[in-house]
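Asks: Have a look at this one.
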Amino acid sequence: MEIKPFEKKLYLASPTMHGEEIKYIQEAYDTNWLSTVGANINESEKLIAEKIGCKCAVALSSGTAALHLAIKLAGEKLYGQAKVGHGVLEGRKVFCSDVTFDATVNPVAYEGGEAVFIDTEYDTWNMSPKALEKAFEIYPEVKMVVVAHLYGTPGKVSELRKVCDKYGALLVEDAAESLGATYEGKQTGTFGDVSIISFNGNKIITGSSGGMFLTDSLEDADKIRKWSTQSREDAPWYQHEELGYNYRMSNVIAGVVRGQIPHLEEHIAQKKAIYDRYKEGFKDLPVKMNPFDAEKSKPNYWLSCLLIDEDAMCKQVRGEKEVLYVSEPGKSCPTEILEAIVSINAEGRPIWKPMHMQPIYRSHAFITEQGNGRARSNAYIDEGTVLDVGMDIFNRGLCLPSDNKMTPEQQDVVIEVVKRCFQ
């Protein structure tokens, strides 16, 4: 096969529009409802609540804003209201997913808390229930756990929920990447004491931005709506009795979301087809696709990823911002493959670098299934035992082009480029 760069860039995951979106945007324009109230917001909240199976959804400006308010609400349930200028988690530890985007973790810091990172497990690339159990043995005082579902694959959320219940901790579920995915027949976004989803530009459905807080509690939904509109009290003037935020979704953004919602299942089917084609195309290579439990889990296949077998890795060394590798016959590494993908005008990316290895959070505790992972922070494998699963996945894994507008012919080119990296 002759390999030529694509004339039009093939993205990792770009928005896919269908036409209904512009109709609802035009409706917002024609009716002059362009701010943070309007029919698009109301209808989007209703449709998402129905699709996910929760009683209430609150439309917010981003998934991060939704997660911030979810963590703040969970903190108030645990510790009471904080003084103005002080976060509700001030000085308290919170257990968090380690392999995730930092938006999962930053809201803990917004509220003055200290994230303690829980190692990943190979079965789903999500938080390890065994490591979470170990964390509670080390820090029994912790009462909040923030769990993310990576790349659209649900974590072992029922097992994580049981551990949280055993220790009396609240579960905050970050389902930003997993809208439409299910675990044991139940939608992600319904397992947490509080949960959120995202409509960021590259998500399975999008509003260009935006997110939602999900709950079965009308009281909690009303509180989040109040906080997200600067905590204005029910008074004939602007009365404020607690800290507020400008976090409500606009009616224009909600128009895009409203037009996207009917296409969720269509997008998931397209993403699954991409995952399956990669899996078939790579069957003779020393790699594995990002895993899931087929008996319990139905991902939304947001991103297709691969993990190179240990004995098929060429030498690769990563610094803080630079990377070096040595090409070897029959072997490859994420850096070499990503460079090859870039050479055909396509986009891939590394796996999320674990939070415990990020300079901003490197001093924070990190818990593995063996206990305190900081004991061997410079090594992630010792005598065949993986001490740091997240770092191992980061070192050997990468995200492939997963745009649902990608044609099978374009994907065949990507598959061939990856194959040639192992020649």
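Asks: In region 133-151, what count of residues is obtained for those that are hydrophobic (A, V, I, L, M, F, W, C) and surrounded by fewer than 24 Cβ atoms within 10 Å (Cβ to Cβ)?
Replies: 3
Asks: All but one of (1) under 19 Å from Arg362 (Cβ atoms); (2) part of a helix (DSSP H, G or I) hold for Lys134, so report the exception by its number.
Replies: (1)
Asks: Please determine, by comparing only the residues of region 245-276 that are of a type in the set (Gly, Ala, Ser) and in a helix (DSSP H, G or I), which one is surrounded by the fewest Cβ atoms within 10 Å (Cβ to Cβ).
Replies: Ala269
Asks: Could you check, for region 94-110, whether at least one of its residues is of a type in the set (A, V, I, L, M), assigned to a loop (DSSP other than H, G, I, E, B) and in contact with a Cys (Cβ under 8 Å, 6 or more places away or on another chain)?
Replies: yes
Asks: Looking at Val37, Val58, Val94, Val84 in this structure, which one is touching a Gly at 6+ places or on another chain (Cβ under 9 Å) and assigned by TED's automatic domain parsing to the domain that holds Arg258?
Replies: Val94
Asks: Within region 34-87, track down each residue that is among the polar types (S, T, N, Q) and either over 15 Å from Asp174 (Cβ atoms) or in contact with a Ser or Thr (Cβ under 7 Å, 6 or more places away or on another chain) (or both).
Replies: Matches in region 34-87: Ser35, Thr36, Asn40, Asn42, Ser44, Ser61, Ser62, Gln81.
Asks: Is one or more of the residues making up region 307-317 in a loop (DSSP other than H, G, I, E, B), within 18 Å of Glu416 (Cβ to Cβ) and of a type in the set (A, V, I, L, M, F, W, C)?
Replies: The initial filter retains those residues of region 307-317 that are in a loop (DSSP other than H, G, I, E, B), namely 309, 314.
Now restrict to residues that are within 18 Å of Glu416 (Cβ to Cβ): none.
Checked against the condition, which is being in a loop (DSSP other than H, G, I, E, B), within 18 Å of Glu416 (Cβ to Cβ) and of a type in the set (A, V, I, L, M, F, W, C), region 307-317 yields no hits at all.
The values are calculated or read from the model by the stated rules, or taken from the named source; none is laboratory data. In this text, all values refer to a predicted model and were calculated from it rather than measured experimentally. Note that each Cβ is placed from the backbone with ideal geometry, even for glycine, and that neighbours are counted across all protein chains shown.
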